[in-house]
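Accompanying notes for the structure given below.
The values are calculated or read from the model by the stated rules, or taken from the named source; none is laboratory data. Quick caveat, the model's predicted, so the values are computed rather than measured. Glycine gets a Cβ as well: all are built from the backbone with ideal geometry, and neighbour counts include every protein chain shown.
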Amino acid sequence: MFLVSFLFSILVPTIMLLIQKKWTIFKSVFDIIALLCLLIFISITASAIYEILADNTVFMTNIHALFLNGFFLVSGGYVVLYAIYKIMYGIVKT
């Protein structure tokens, strides 16, 4: 499973890089999607932490409920893939 996720984390940003090179509009599309995903990711994280502090519950136990939220996982996953894509873009650009 580790190998599959490692290959996926290399393959998807590479495909993003190739798409962006062929159609330059996709650079802006990837940036906008990353911004929206980051806002979703931060909002879900902040609300979960606020809820834990407001309810005065055990932080380490309840914070793991975040991993059950599909929006949290998808948006966080895209942000990670986008970061790898931007690093690859910086390397190829120079």
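Annotations
- Qualifying residue in region 2-14 (condition: exposed (fewer than 10 other Cβ atoms within 10 Å of the Cβ), among the aromatic types (Phe, Trp, Tyr) and over 14 Å from the mean Cα position of the chain (by Cα)): yes
- Which listed residue is surrounded by 15 or more Cβ atoms within 10 Å (Cβ to Cβ) and not hydroxyl-bearing (Ser, Thr, Tyr), from Ala48, Ala65: Ala48
- Residue within region 12-32 that is at pLDDT below 95 and acidic (Asp, Glu) present: no
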